[in-house]
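Nothing in this text is a laboratory measurement; each read-out follows from the coordinates by a stated rule. Please read all numbers here as calculations on a predicted model, not as lab measurements. When we count neighbours, we look across all protein chains shown, and the Cβ atoms used for this are built from the backbone with ideal geometry, even at glycine.
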Amino acid sequence: MGRETPGAMLRALMIPFFFQRMEQAFAASDDPLPALHKAVHEATATLTSLGSLTELRGIVPLAEHVAGVEQSTAEHYGRLFENFDAKSYFEEPANLLRARLERNGIPLESIQGKRVLDDGCGGGRYSAAWKKLGAGEVVGCDLSSKNIETATKHANGVAGLRFMEADCLNLPFKDGEFEIVFSNGVLHHTTDCARGIRELVRVLRQGGMGWLYLIEAPGGLFWRTIDVLRSIIKGDSSENAQFVLLSLGLRKNRVFYMLDHVFVPINLRLTAEEISGMLRAAGATDIRRLERGADFDRVEQIYRREPFAREKYGVGEHRFVFTKK
């Protein structure tokens, strides 16, 4: 079936299949590896027998191997973010952000009235979350014009919340313009993560707070499963996969969660030491990796010492806070 629609639709079905198998294995109290091995063998046999897979192809990790990576990334997330309902847009991210702040000893009082940059804001959900939790002016910027359109529509004229199209590797802001800078799962999808970090630190005011989330290495079985899916669907259309998953009746935020890292061209994973080094080189100080997260977060499962948490999740999400003196 090759790259034509029937084969692509069948491969798209492997996404919920693997997520379901992974989540079932992770919910059990025993070693999840045998169940995931079985899922890989079942999927490979099914796809090969139907002519939809000849081999598990290698991942494309580097920007120089991807044509038009910025545009591809912008289009991928532009499609995903436009479908959130009001609850997924306003309530869910505010609750997640609140939990991550409070559980790591960052009082909500410290953000009251502050000027915040949401660097790579996507559809603006976390921009709205900062505003909901008491920030003053929040500026969300994103490379995707579609994301800016979506964010502006959802914000619907909320005072102190605005959005603009901009490149997070070349921010159009003055040095020290923001009291809080927030980059939440963005720079690991860019062609130059270190440059993005330098820009983030540059626009942070002295004594302000920076927040940086990047994908972790080692990432455990969770990220190995994502890699298997990336290999299966390599070359397929994320738009087609989104159609297939929505046709199954899956919730829109669930579809976003499944497709987020599977189709994006660059999905860089870094160690804590590598990230700390880039932050220091950019001029950040008082760098701290957050040890806790929301109930949903992988790092929280590790903190709570859930069975086989390290095997499942590696070290958990790399969320860092920092300042600049």
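Near HIS318, the amide H atoms lying under 5 Å from its own belong to LEU214, GLU216; only residues 5 or more places off or on other chains count, and H is placed 1.01 Å from N.
Ordering of 119-132, 244-257, 225-238 by packing is 119-132, 225-238, 244-257, highest average first (other Cβ atoms within 10 Å, averaged per residue).
Cβ crowding within 10 Å, taken as a proxy for footprinting-reagent exposure, orders ILE302, ILE275 from fewest neighbours to most as ILE302, ILE275. Computed 3J(HN,Hα) for region 263-276, one whole-Hz value per residue from the Karplus formula 6.51 cos²θ - 1.76 cosθ + 1.60 where θ = phi - 60°, is 9, 5, x, 10, 9, 5, 10, 10, 7, 4, 5, 5, 5, 4, glycine and proline marked x. For the set LYS38/LYS312; LYS132/LYS324; LYS146/LYS252; LYS131/LYS153, the pairs lying more than 21 angstrom apart at their alpha carbons are LYS132/LYS324. Extending 7 Å from the Cα toward the beta-carbon at both LYS153 and ARG251 defines two label points whose distance is 2.1 nm.
At full extension, VAL40 and GLU165 could sit 41.0 nm farther apart than now, given 0.36 nm per residue minus the alpha carbon distance. Legend: P(r) of region 238-278 from all alpha carbon pair distances, 5 Å bins from 0, whole percents, reading 5, 20, 23, 13, 12, 9, 9, 7, 2.
Largest first, the three principal axis extents of the alpha carbons in the chain are 59, 41, 38 Å in whole numbers. What the phi angles of region 235-249 give under the Karplus curve with 6.51, -1.76 and 1.60, with θ = phi - 60°, is a coupling list of x, 7, 9, 5, 5, 5, 5, 4, 4, 4, 5, 5, 5, 7, x Hz, glycine and proline written as x.
Of all beta bridges that DSSP places with both ends in the chain, some 30 percent have antiparallel geometry.
Shown here is the pair-distance distribution of region 94-184: with all Cα-Cα distances grouped in 5 Å bins from zero up to the longest one, the shares run 3, 15, 26, 26, 17, 10, 3, 0 percent.
Across region 142-276, C-alpha contacts under 8 Å between residues 6 or more apart give a mean separation that, scaled by the residue count, equals a relative contact order of 24 percent. Derived scalar couplings between HN and Hα for region 149-165 equal 4, 5, 4, 5, 5, 5, 5, 6, x, 4, 5, x, 10, 9, 9, 8, 7 Hz in order, rounded to whole Hz, by the Karplus curve 6.51 cos²θ - 1.76 cosθ + 1.60 (θ = phi - 60°), x for Gly and Pro.
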